[in-house]
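What follows is one structure encoded as structure tokens, with my remarks underneath.
The values are calculated or read from the model by the stated rules, or taken from the named source; none is laboratory data. Note that this is a predicted model, so its numbers are computed, not measured. Positions of Cβ are backbone-derived with ideal geometry, glycine not excepted, and every protein chain shown enters the neighbour counts.
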């Protein structure tokens, strides 16, 4: 038996093709070195099946297997799905903490504490400066105006704080509504993209093609979706993914089957997933927003702040008014100083400002009010400020921690999927030399034939 | 740890390092520029609570201090008026002694009566002493003059107290009840009220001088020395009030000093150590920036020939 004449050329050709595919893929990797979400690709090569030639040896008559070159089996992306799910979990936590810390910092800034212009400083002045002066000089017009003016300043500060908290609640609600809008919202947009990519990937896979770039895109969109709430991804055999969202995703991670995933193959289910019950208490921006203020139930951290502020206003009005009425001279009834029982409605009683001897209070009444300094209203307010401070501080700490964890996981993901230019350069040299070597084989075979044919013609 | 290092990782890590260095620097700079370590409640929630309550305590103390100053002025005015009244009464005592020894002529006696009447007016004027627009001897009716000049000696004030709060739940009456010493005297000329108090005695003396009765003047002298004793007693009371105010003032100053110390320890930045952190952090930032500028640029390409 003899060796087929042109087999060597085919073998060398397969080597050229393999080297070219590898160089092209290296080029693709280098081009996308800075593309977000790109996973580096690699050419998978296998040895081509051998050609068996019986009785190859002219001496022993033994047969042998003859190598026929290399096959390009596939070009696949290098990705660790376990790191993907870790990244998304951390992304959910980080975005939730960042939302909380942003909104709570705004609430904290509104308080303007500790400073002389905050409510605490205003109350100090109100009790220890203005009422105490009025107690010393009850007939002085300056002292009277001081009490009324500072009383109005205190009431204004409470009114402003209350309206700032309401504004924040409104902002939270509108942000939540924008994100969850079923037609234009970010969640709907992400879910629709995932469903669309699912369809394209399944088609490509049915045709036996690796849809690397489509899968990168889909992973990118799922990463984006994970900032809004928890996600759980399950991959089907046809290449599609099912994505659970919110509390359902947390349950799915713990092994419960999600009957109504947000993305199921090519269909999207927003009505079952963008609900208060599915998102309240979950992570991410949406979960945090609901934790701050849930417009459906009227609950949340900001609502708690509002009601604490109302308590401060109510205690202030009640203690001041009852101190005045408790110190009334026999038979006389002085008008209450404050009206209103909430932070939004508290005001200086118009009867006090309108009174001809304003404010119509005796030294004993003024003394009773002045001695309220450091009383329940101020204690409640101080506790409130401390709570806001602790909340902000803990949200910021969570954010810092989750941010560094996110960076760490992102680095691990990069380590697996990211493009290293040094590595690609090394590969480029390797593949270029393989290409040159295969070409040299081809030239050699050509030379061999030329000399054989020359012999014959000569 | 991590096997492969990619250019994106290096860039991201460098950026994260620079950002966190800048963030720390920003916090320290805020501390330096405000001089406070607590700039918002989240910087130190429990420290904030302490700061707020210390501020309230300091405001309380400053209010007590104001009231002590005000009360001191109030009783100072009372004390001055009382010593003027005492001087006038002592002059009347001299005149009465001279008139009672029976050597003076009727004309002399009448001239003395004239002077006594003038001194009575002077005493009532002293009783109308004001401090900061308030009548100090009117009880709590501080906008009403206690006595009017002329023959009507009726007291127009009340028996209320004027108090100043000089400490937590500590109030002090700073006015003196002069009416208990002066009394009503007379409501119409020549008809003494008969309460036996100072103005009554003085009106009696004036009347007795007018009528030239040295016997009556002798018994008036006894009454006058009793009245003078109660006047001295009242002055002593005012002096005691001033002492208490002085002590309160010292105590408030001590408390203010210690509270200010606590407040400063809680909310003020330790400048020396903040300055040092600031320079350290600045050095760290500069290092991070330099590393970013020089390391990230390097790759294998820098060392490969163009031909490959």
Does residue A:272 qualify as being touching a residue at least 40 places away in the same chain (Cβ under 8 Å) and surrounded by fewer than 21 Cβ atoms within 10 Å (Cβ to Cβ)? no
Criterion: buried (at least 17 other Cβ atoms within 10 Å of the Cβ) and either without any contact (Cβ under 8 Å) to a residue 24 or more places away in the chain or not assigned by TED's automatic domain parsing to the domain that holds residue A:304 (or both) - qualifying residue of A:230, A:254: A:230
Checking residue A:343 against (1) touching a residue at least 40 places away in the same chain (Cβ under 8 Å); (2) assigned to a loop (DSSP other than H, G, I, E, B); (3) within 14 Å of another protein chain (Cβ to nearest Cβ), which single condition isn't satisfied? (3)
What number of residues within region B:263-308 satisfy the criterion of being more than 14 Å from chain A (Cβ to nearest Cβ) and either over 30 Å from residue A:419 (Cβ atoms) or surrounded by 12 or more Cβ atoms within 10 Å (Cβ to Cβ) (or both)? 23
Provide a single number: the residues in region B:105-119 that are closer than 13 Å to residue B:203 by Cα and outside any helix (DSSP H, G or I). 0
Just a yes or no: is a residue in region B:185-201 within 30 Å of residue A:361 (Cα to Cα), more than 14 Å from every other protein chain (Cβ to nearest Cβ) and in contact with a helix residue (DSSP H, G or I) (Cβ under 8 Å, 6 or more places away or on another chain)? no
Lone qualifier among A:382, A:411 - being at the interface with another protein chain (Cβ under 8 Å from one of its Cβ atoms), closer than 30 Å to residue A:315 by Cα and buried (at least 20 other Cβ atoms within 10 Å of the Cβ): A:382
Return yes when residue A:362 is more than 14 Å from chain B (Cβ to nearest Cβ) and either in contact with a strand residue (DSSP E or B) (Cβ under 7 Å, 6 or more places away or on another chain) or at negative phi (or both) and no when it is not. no
Anything in region B:153-194 that is closer than 20 Å to residue A:371 by Cα and part of a strand (DSSP E or B)? List them, or say none. B:163, B:164, B:165, B:166, B:167, B:170, B:171, B:172, B:173
Could you tell me which numbered condition residue A:49 fails, if it satisfies all but one of (1) under 23 Å from residue A:419 (Cα atoms); (2) part of a loop (DSSP other than H, G, I, E, B)? (1)
If you check residue B:228 against the conditions, is it closer than 30 Å to residue A:115 by Cβ and within 45 Å of the chain's Cα centre (by Cα)? no
Does any residue of region B:42-61 turn out to be buried (at least 17 other Cβ atoms within 10 Å of the Cβ), within 14 Å of another protein chain (Cβ to nearest Cβ) and assigned to a loop (DSSP other than H, G, I, E, B)? yes
Can you find a residue in region B:147-163 that is under 24 Å from residue A:366 (Cα atoms), within 12 Å of chain A (Cβ to nearest Cβ) and touching a residue at least 60 places away in the same chain (Cβ under 8 Å)? yes
So which residues in region B:164-184 are surrounded by fewer than 20 Cβ atoms within 10 Å (Cβ to Cβ), modelled with pLDDT of 85 or more and within 14 Å of chain A (Cβ to nearest Cβ), if there are any at all? B:167, B:170, B:171, B:172, B:173
Those helices (runs of 4 or more DSSP H) lying entirely in region A:81-184 with at least 2 residues modelled with pLDDT under 90 and away from chain B (no Cβ under 12 Å): A:141-180
